[in-house]
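Below is one structure, written out as structure tokens, with a few remarks after it.
The values are calculated or read from the model by the stated rules, or taken from the named source; none is laboratory data. Keep in mind that what you see is a predicted model, and the values were worked out from it rather than measured. Glycine gets a Cβ as well: all are built from the backbone with ideal geometry, and neighbour counts include every protein chain shown. Please note that ligands, DNA and RNA were not included when accessible areas were found on the heavy atoms of the full protein model with its side chains. Shrake-Rupley method; radii C 1.70, N 1.55, O 1.52, S 1.80 Å.
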Amino acid sequence: MKTTETVTASPRPQQAVNLRDCGPEGCDLDWLSSERHPAEIDDVMQFTDFSLQQGWGDGLPVIPPTEGRVRAYLADNNRYPDEVICALPPTNAPCTVEKIAINAVMAGAPPGSLPLIIAALEAMAATDFELFGQNATTAPVVPLTLVNGPVRNRLDIPYRHGCLGGVATIALAIGRAIRLIIRNVAGQVINVTSQSTFGTPGRVAGILFGEWEERSPWAPLAERRGIEGDAVTVFGTMGTMNVLDTTSQTGPEFLEMIGKSLGYPGANGFSPSMPYAEIMVAVNPVWADILHRDLPALQDIQELLWKYSSLDADYLTSKHREQLENLGRVIAGRVYLATEPKDVFVVCCGGTGGLHATGFHSFGTCLAQTRALVPFPQSN
Amino acid sequence: MTIGNVLDPTALRTDDITSPGPDAGHLAGKTVGIRLDEIWRSWDWVAESWAETFRDCGAVVKFWRSSQGRTGSEGERVAKSLEEFLNSIDIAVVGLANCGSCTGWTIHDALAAAAKGLPTTAVCTENFLELGRNLAQRGGRSGLRIHVLPYPLNEKLREEVDAVAHDHLAGMLGTMGADLNTVREAAQ
């Protein structure tokens, strides 16, 4: 039985003067405060079993978060491990850089992803994101993370073909790191603090993708929301919903088809428990060009999607209609999925095969949040 | 096989109040505040039934209907309204934990009431009891009083729900720490 480990640190940028961590070798002052557990650290499958016994894992193989690996991850970022980033519900325990690094190591996320993970967590911790409800609910809601800016290419965030799943990329590990933090730090555990009835595959590795900004006729979503450059927008979604259209030819035709497909009675946005909601629509670059050609103002596109995703109140059962009427949500005989046209977010991504759009229904009252990525300091 | 130390990836808050808080005691002359919601008509029916008994015991009953719109300007309005409600009552009855997020908000609002020192009882249906207890613990108050109603409840007819309310009244009063002698006297 050996008690040693070998760690290889990632090369550090030469200009970085790191005084905030002792690097992979450690030093007299131990910044790491997490409890240590003896475990098998060379055999990933044995450690994965251990992680499940401890309640740390998600079932997929996890990398043992040894002190050396966590120190190396931190050393590459020059962040104080004890820095508290946020408090995530329901546990509301301090979410420190150290806890983030440990979970990121377990997921296999690269050290360079730390600013993105921190920005996403800060966004999710915002009161208006209502992570409290998202983590407890029976619904399969999961926060998606949409990435804007040059960081998409630096971290290989998918935004082209198969961007919502299937393309091979380390970005999956970044999404998974966020999910492990929600599990281990926020404390979302199925049938303990979460009554999730069915769940969703997105709760394993998250839904992390970028906008194809180079092909999009519109400004990046984060920029439209006031933040230029590297940024993330988190949005509590019920999952992905495909919309196929092999018939439409014009912008308004596509928007009518997408909008009407989004509006179905069981969508959370029509729930009496959700007095308001947003919705996100991902449009492939082929359709984006057509939409922009026919409707140059993005507001007109949002308006049509908002209008067509509403439902005739008579389409609902009488009990459902009555409940929504009592809440004042039936307007001129219609019920609206999104509160206002501005609450319809349109983004461009996906492959050039076209033919499909993706709808992301909101959980409801959780409001999308956008945060800038803050690069790690180069020196103290 | 190589044994080494790994770092614990979890975080838990360490503070916890295990006490159930003050008893409701005598109801006469007190204001019992009942938190309703916008989803569960069955909870409205149970609350109406229990309110009659509270009034028979000499209490004043106030209702406050929660909205799950807890974000943005609507969220600010709801938070202010909840604060005013809690400041106007002596005893809090908070329900209904009958779905995941509504259990979250029920416990959230119950913890807010308990933090003000009010005798507070949250009401959960059976299938959401464990979630309620876990959220109370993670909210730093594992001792929160919770009364349990059967599940499913909202799928029952009015007369069935009324029977549930009747059958659970004594248990509810016990959970609240209400003075049962006063209640018995009121019933005679």
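Please give the length that would be gained between residue A:264 and residue A:84 if that part of the chain were fully extended, namely 0.36 nm times their separation in residues minus their C-alpha to C-alpha distance (nm, one decimal).
Details: separation 180, 0.36 × 180 = 64.80 nm, distance 4.16 nm.
Net length gain for the segment: 60.6 nm.
Principal axis lengths of the range A:237-369 from Cα atoms, whole Å, largest first?
Here the Cα extents, ordered largest to smallest, are 44, 29, 24 Å.
Given a Förster distance of 56 angstrom, what is the FRET efficiency for residue A:45 paired with residue B:115, based on the Cβ-Cβ distance and rounded to 0.05?
On the way: r = 46 Å, r/R0 = 0.82.
Efficiency for this residue pair is about 0.75.
How many lysine pairs are close in the protein assembly as shown, with Cα atoms under 21 Å apart and the two 8 or more places apart or on different chains?
9
Anything losing 40 Å² or more of accessible area from the isolated chain to the full protein assembly: pick those residues out of the range A:95-137, probe 1.4 Å, ligands and DNA/RNA ignored.
Residues passing the criterion (a loss of at least 40 Å², heavy atoms only) are A:99, A:130, A:132, A:136.
Under the rule of -39500 (n - 2.57) per DSSP H run of 4 or more residues, summed and divided by the residues of chain B, what mean residue ellipticity at 222 nm is obtained, to the nearest 500 deg cm²/dmol?
Numbers: 6 runs with 85 residues, N = 188.
It comes out at -14500 deg cm²/dmol, rounded to the nearest 500.
So for the pair residue B:167, residue A:312, with labels modelled 7 Å out along Cα→Cβ, what separation do we get in nm?
4.4 nm
Between residue A:253 and residue A:299, take the C-beta separation as r, use R0 = 25 Å, and let me know the FRET efficiency to the nearest 0.05.
On the way: r = 19 Å, r/R0 = 0.75.
For R0 = 25 Å, the calculated efficiency reads 0.85.
Please tell me the relative contact order of the range A:237-369 in percent, rounded to the nearest whole number, where contacts are Cα pairs under 8 Å and at least six residues apart. It would help to have the intermediate numbers written out before the result.
Numbers: 256 pairs, mean separation 61.9, N = 133.
Relative contact order here is 47 percent.
From Cα pairs below 8 angstrom and at least 6 apart in sequence, can you work out the relative contact order of chain B, rounded to a whole percent? Walk me through the numbers before you get to the answer.
Numbers: 323 pairs, mean separation 52.8, N = 188.
Computed value for chain B: 28 percent relative contact order.
Report, to the nearest 10°, how far helix B:41-56 tilts away from the longest principal axis of the Cα atoms in chain B, using its own Cα long axis and a range of 0 to 90°.
Between the helix axis and the principal axis of chain B, the angle is about 50 degrees.
How big is the B/A interface in buried accessible area, both sides summed, 1.4 Å probe, to the nearest 100 Å²?
Numbers: alone 9840 and 17070 Å², together 22960 Å².
Protein heavy atoms only, the B-A interface buries about 3900 Å².
Where does helix B:158-176 land angle-wise versus the long Cα axis of chain B, in degrees 0 to 90, nearest 10?
Value to nearest ten degrees: 70.
Measuring from a point 7 Å past the Cα of residue A:322 along Cα-to-C-beta, which residues in the range B:140-168 have an amide N at less than 19 Å?
B:153-162, by backbone N distance to the label point.
Based on alpha-carbon atoms only, what is the radius of gyration of the range B:3-85 relative to the globular estimate 2.2 N^0.38 Å?
Values: Rg = 19.7 Å, N = 83, 2.2 N^0.38 = 11.8 Å.
The reported ratio for this selection is 1.67.
Working out 0.36 nm times the residue gap between residue A:52 and residue A:352, then minus their Cα-Cα distance, what length gain in nm do you get to one decimal?
Values: separation 300, 0.36 × 300 = 108.00 nm, distance 4.06 nm.
Length gained, residue A:52 through residue A:352: 103.9 nm.
Looking at the protein assembly as shown only, what percent of DSSP beta bridges run antiparallel? Nearest 5 please.
Values: 34 of 65 bridges.
Given both bridge residues lie in the protein assembly as shown, the antiparallel proportion sits at roughly 50 percent.
How big is the protein assembly as shown along each principal axis, measuring the range of its Cα positions in Å and listing the largest first?
84, 67, 39
How large, in percent, is the carbon and sulfur part of the accessible surface of the range A:92-205 at a probe radius of 1.4 Å? Kindly include the intermediate steps, with their values, before the conclusion.
Numbers: 1900 of 3240 Å².
Here it works out to 59 percent.
Along Cα→Cβ, 7 Å out, is where each label goes; now give me the distance between the ones at residue B:28 and residue B:62 in nm to one decimal.
The modelled label-to-label distance comes out at 2.3 nm.
Loop-only GluC sites (Glu not before Pro) in the range B:133-164, please: DSSP not H, G, I, E or B, and at most 12 other Cβ atoms within 10 Å. It would help to have the intermediate numbers written out before the result.
Details: sites: B:155, B:159, B:160; in loops: B:155.
Here the GluC sites (Glu not before Pro) that fit, given the DSSP loop and packing criteria, are B:155.
What nm distance separates the two modelled labels at residue B:160 and residue A:244, each placed 7 Å from Cα along Cα→Cβ?
4.0 nm
Measuring with a 1.4 Å probe in the full set of protein chains, what accessible area per residue, in whole Å², belongs to the range B:72-160? Mind showing how you got there, number by number?
On the way: 3260 Å² over 89 residues.
Accessible area per residue: 37 Å².
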